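Following: one structure in structure tokens, then a few remarks.
The values are calculated or read from the model by the stated rules, or taken from the named source; none is laboratory data. Just so we're clear, the structure is a prediction, and the values are computed from it rather than from any experiment. Cβ: placed from backbone, ideal geometry, glycine included. Neighbour counts: every protein chain shown.
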Amino acid sequence: MPFSKNKARLNTLKKGKKARIIEVGGDRKKRRRLLALGFVPGESVTMEQKFPVLLVRIGYSYIAIDEDTGKNILVSP
Amino acid sequence: MKKKKKVVLVGRPNVGKSVIFNRITDSYAVVSNYPGTTVEISRGQSPEEYGGYEVLDTPGIYSLMPFSAEEEVTLKILREEEPDLVVQVVEAKNIERMLPLTFQLMEAGFPLVLVVNMLDEAGEEGFKFNLPRLAHKLGIPVAGTVSIRGKGIDNLKKVIRNELNTGKKTDRRYYELQYPPVLEDSVQEIVLKLKGSYGISKKALALLLLQGDTRADKLIKEREGGLKYQKELLGSLDYPLLITMARQKAAREILKGTVYHQGKRAGSFKAKLNTITMHPWWGFPFLAVVLYYGLYKFVGVFGAGTMVGFIDGYLFGEHIFPFLNKSAEVIPYPWLRELLISDFGIFNLVLRYGLAVILPIVSSFFLFFSLLEDSGYLPRLAMLLDKLFKKFGLNGRSVIPFILGLGCGTMAVLAARTLETKRERFIAVLLLAVGIPCSAQLGLIMAMLSREPGALLLWGASLLIIIIITGCITDKVLPGKSSGFYMEIPSLRFPNIQALLCKTSARIIWYMKEIIPLFLIVSLIMWAGSCCGLIPLISSMAEPVINLIGLPKEMAPVFILGFFRRDYGAAGLYDLLQSGLLSQKQLVVASLALSLFLPCIAQFAVILKEQGAIKGIAVLIIVFSAAFSGAYILNLLLQRFDILSVLGGI
């Protein structure tokens, strides 16, 4: 499934949309955590819910993160 | 005498480790805190026919770099306990995301068995596995299971037994993950310089070091006195990313030809339940229902009402107590008799309150809590409440200490250790002390106010508002900011009853062992205090303050009692109500003041220990102010506006 070349922050992804992770930012500790949770460049994520926190699906796991954390993840929708 | 072999279970949270633990051990597992921590570890024995080895269940981990105090314990166990076998449990449908940990464990040099669990759920999603092929590619034994149904467990037991018997000299070859050459070079440089032994392989240690793991760094400094590589190597490449991506790629490679997927997603009831509990709108009513049936009906009405009524009223009141009192009469020393059977005596305070009042309430609470945990509901709770907690500088991850606080505040303060920053720990402890009523108190107050649902609502709402206000103010005043929220949300699952009961009874036993002796000491102090008139003295000093909030002077001893034992305070309140000394309005104000009032002495002792003397006193002062201002305002409101009769009409 082709993804566009645009970059966007994960928290701006609309509900129900899919995107591919490009970059995972934030300080070292936060980054390692996100990587370990499955937010790895190349993986595709689906935005399942946006309120009260961001709920994304990666593969068959559901991960909840808050808006601020979501801002650090760059994706291409 | 052969040394017992040790098997350590690892894996992410919620993959079914505890169920597997329960299935491969016989019934006598011991759940205890790992030495020096508040983290619970289960140790059990496998049945003799299968080899009689020891099994350890560990807190869930995502990688060999720990993110929390609990994960650190797992790492500690792996490094220090020298396991003869490590059994990693993964969730079948998420296996691609869980294999990176498998690689790390293999790299670290642990003898490994992989358990692919929850095959049924994966099947429902359309997955098909070729496990023998996977085993061949990985170079380790792979067992497939559906732990809740017991499928595949016999096979797993055989596999474990075989692995333990073949010993370490196998010619099985582990899959060796190839990292990019640049990485391999850096790793080699470090490996050549390492001389000590670390419980994990040098390669694994080097990889951790390159990713900036502070623990690995500390370890190496201790054993080798620091290596000169650091400045040149660490600055240049994005090691965490490179390493993670290499592992992810390898996982995909391995799974090719061993896992097949025919995308099928059923809109089952389970799936709907999963969605509702997380739903931004439906999630909250669902939460309210859970709290209503769990806390109010089960802990409050059943635990504090029915069970206490039976054990205290019937068993103790009509049988055990009269018997004890009679037997005590034969004791020739009046002071001893006094100590045993008087109102402040040991029979009454420790035996009766400990076993007849506290035990049923706390047990029902722990059962409720363990159910919340094991069903997978807690992370959803954390998710829903994150925005609320952010208002006081915390985040959804604090949900656990707060819910525990509804069971026992002392335990909750200990659980707050798992929060990430000092700031969060302080705020959580403060709010717990200010307003979270423990189950003993909660149960009794609910039972008392249940006759007037309006009063109960008013009490609950006032409590909540004050906690929120205190939290917001504290957040604004304290420097620093909150940490981010992240949490994996597992599927809702029907909990395994055996594991549930095991966990609950372990917690009840812990509670009895830790808290009851404190109560014993407190009882002795109170007995001494009542003997020398200390209590009436403090009461008369407190009188003017109590009158300010519109309560009668008889409330003073109740507050003092409340400091030593929260439930005494509530019981004292009950007595006053019975003897007609409190109007309905006063009852609500008194309940509020009591709930807000100082934490019980056990909780306070733990707060002092955890936060230090200065912060502890600060907590005390804030709590005191909150308690009296809250009660004062409520009293004013009730006198001016007749809220109760309005609510009474509900």
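Just a few scattered comments:
- Applying the criterion of being closer than 25 Å to B:ARG417 by Cβ and basic (Lys, Arg) to the residues of the range B:584-617, the residue that is surrounded by the most Cβ atoms within 10 Å (Cβ to Cβ) is B:LYS615.
- Checking B:ASP567 against (1) surrounded by 18 or more Cβ atoms within 10 Å (Cβ to Cβ); (2) modelled with pLDDT of 70 or more, the condition it does not meet: (2)
- Among (1) within 34 Å of the chain's Cα centre (by Cα); (2) modelled with pLDDT of 85 or more; (3) closer than 16 Å to B:VAL86 by Cα - the single one B:ASP154 does not satisfy: (3)
- Identification of strands (runs of 3 or more DSSP E) wholly contained in chain A with 1 or more residues that are within 21 Å of B:ARG380 (Cα to Cα) and within 12 Å of chain B (Cβ to nearest Cβ) yields A:44-49, A:54-58, A:61-65.
- From the list B:ALA304, B:ALA288, the lone residue that is at pLDDT below 75, part of a helix (DSSP H, G or I) and among the aliphatic types (A, V, I, L, M) is B:ALA304.
- Here B:VAL15, B:VAL87 are screened, and the one residue that is assigned to a loop (DSSP other than H, G, I, E, B) and under 22 Å from B:GLY152 (Cβ atoms) is B:VAL15.
- Enumeration of residues in the range B:495-546 that are at pLDDT below 80 and of a type in the set (Ser, Thr, Tyr): B:TYR511, B:SER523, B:SER530, B:SER539, B:SER540
- The residues of the range B:412-428 that are within 14 Å of chain A (Cβ to nearest Cβ) and not acidic (Asp, Glu) amount to a single one, B:THR421.
- Test: residue in the range A:65-74 that is crowded, with 18+ Cβ neighbours inside 10 Å and over 24 Å from B:ASN395 (Cα atoms): no
- The condition (being touching a strand residue (DSSP E or B) at 6+ places or on another chain (Cβ under 7 Å), on the phi < 0 side of the Ramachandran plot and not basic (Lys, Arg)) is satisfied by just one residue among B:ASP57, B:ASP154: B:ASP57.
- For the range B:46-91, the tally of residues that are within 14 Å of chain A (Cβ to nearest Cβ), touching a helix residue (DSSP H, G or I) at 6+ places or on another chain (Cβ under 9 Å) and among the β-branched types (Val, Ile, Thr) stands at 2.
- Inter-residue pairs, beta-carbon under 7 Å, first under 30 Å from B:LYS17 (Cβ atoms) and within 14 Å of chain A (Cβ to nearest Cβ) and in the range B:466-495, second assigned to a loop (DSSP other than H, G, I, E, B) and of a type in the set (Phe, Trp, Tyr), 6+ apart: B:LEU492/B:TYR377
- Which numbered condition B:SER342 misses (of (1) at pLDDT below 75; (2) among the hydroxyl-bearing types (Ser, Thr, Tyr); (3) within 32 Å of the chain's Cα centre (by Cα)): (3)
- Residues satisfying the stated conditions in the range B:250-285, i.e. modelled with pLDDT under 80 and in a helix (DSSP H, G or I): B:PHE269, B:LYS270, B:ALA271, B:LYS272, B:LEU273, B:ASN274, B:THR275, B:ILE276, B:THR277, B:MET278
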